[in-house]
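Reading through the structure tokens given below for one structure.
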Amino acid sequence: MSSFQEVKQRIRGSIAPIITPFNESGSIDFETLESLINWHIESGSHGISVTGTTGEPSSLTLEERVQVMEAAAKAVNGRVPFVPGTGSTNHEETLYLTKKAQELGVDAAMVIVPYYNKPSQHALYKHFKAVADSVDIPIIVYNIPGRTSVNLEVKTLSRLSKDCPNIIGVKESNKDFEHINRVLLECGRDFLLYSGIELLCYPMLAIGGAGYISATANVEPKKVAEVYDAWNAGDTERALNLHYELMPLNDVLFKDTNPAPLKAALGMMGKIKPVLRLPMDLPTQKLQDEIREVLKQYVELPEGTAAR
């Protein structure tokens, strides 16, 4: 196992949060999952994540989440860092999944702030510390207050970063850019800060971020990765141009709850069968038509592909 410092140097750039593809019956399409991962790596994505928000984890059983992690780990095969989501609203499930991730030899586990139950800051500290203490792998905290209804405050995250050496970073799906700036101020400039908000991917790099975990990478993996590559090479003009070039796509992909628009788009591209599990479903036909028109600006769509 590499030291945490070595891991920090590797888990940077565009960590693509892969959707979980389903067959028409609703079963997991493992063959397509492998195909998507290969496509992402060939397209330049710097890392792979599964079973995060984009992967519909709350629509999967606990064992299905393990199966997706196992299949993804096999497909990635060490070619790029692998960072699965192992968090849950249930503490014991989070421990179980994170330990399973460690058994698979992942580079890090991404653990979401528990959703629905709205724990206090004190309770969040205890939860994350217990998870971090239960494994020897790096942990990336996932703060997404729009989904969880509670914000992991900077002072809580800072305390965790100091008390748990293996908590090495945070994915901030937080529109409060002041909060985001204070993460690096309080946790240290070497703390890995990833954007989970598409329009903040470029600005996050400018303040010292390590990269981003952007759902849009599912549709445009090459260009999303190029934003980081250009920035890292010192070509800030190219990175900024790509930032604005991707904005219309980012906008349309979040006009309905993620990953519904993504799956509609990937269906139009012929990459997946556009299936979600209830209570999620594809966007309205009106929005699907809008997605198709925007997609044409970025990719060549094959004939006869559509959502449903």
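Derivation of every value follows stated rules applied to the coordinates shown; laboratory data play no part. Just so we're clear, the structure is a prediction, and the values are computed from it rather than from any experiment. Methodologically, a virtual Cβ is constructed for each residue, glycine included, from the backbone with ideal geometry; neighbour enumeration extends over all protein chains shown.
Classify segment 19-94: rounded, prolate or oblate, from the alpha-carbon gyration tensor (a ≥ b ≥ c, eigenvalue square roots; a/c under 1.5 rounded; otherwise prolate if a/b is larger than b/c)?
Working: a/c = 2.10, a/b = 1.32, b/c = 1.59.
Oblate.
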Rounded to the nearest 5, what % of DSSP beta bridges with both residues in the chain are antiparallel? 5
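Which entries of Lys100/Lys263; Lys8/Lys171; Lys8/Lys162; Lys118/Lys255 have Cα-Cα distances beyond 21 Å here?
Working: Lys100/Lys263 27 Å; Lys8/Lys171 14 Å; Lys8/Lys162 16 Å; Lys118/Lys255 26 Å.
Where the Cα-Cα span goes over 21 Å, the pairs concerned are Lys100/Lys263; Lys118/Lys255.
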Return Lys273, Lys171 ranked ascending by Cβ neighbour count within 10 Å, so the fewest neighbours appear first. Lys273, Lys171
In a Gaussian network model of the chain with springs linking alpha carbons closer than 10 Å, the residue among Pro21, Pro259, Pro203 that fluctuates most is Pro203
Which order do Tyr202, Tyr96 fall in if you start with the one that has the fewest other Cβ atoms within 10 Å? Tyr96, Tyr202
Taking 22 Å as R0, compute the FRET efficiency from the Cβ-Cβ separation of Asn241 and Glu300 and round it to 0.05. 0.55
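Report the longest stretch of the chain that contains none of the GluC sites (Glu not before Pro) sitting in a DSSP loop with at most 10 other Cβ atoms within 10 Å.
Values: sites that count: Glu24, Glu300, Glu303.
Looking at the chain, 25-299 is the longest stretch - no exposed GluC sites (Glu not before Pro) with at most 10 other Cβ atoms within 10 Å.
Relative contact order for the chain: what is it in percent, counting Cα pairs under 8 Å that are at least 6 residues apart?
17
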Likely footprinting exposure, Trp39, Trp231, fewest C-beta neighbours within 10 Å first: Trp39, Trp231
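Once Rh for the chain is found with the Kirkwood sum over Cα pairs, what is the Stokes-Einstein diffusion coefficient at 20 °C and 1.002 mPa s, in µm²/s? Please report the intermediate quantities before stating the final value.
Values: Rh = 19.2 Å.
Here the translational diffusion coefficient equals 111 µm²/s.
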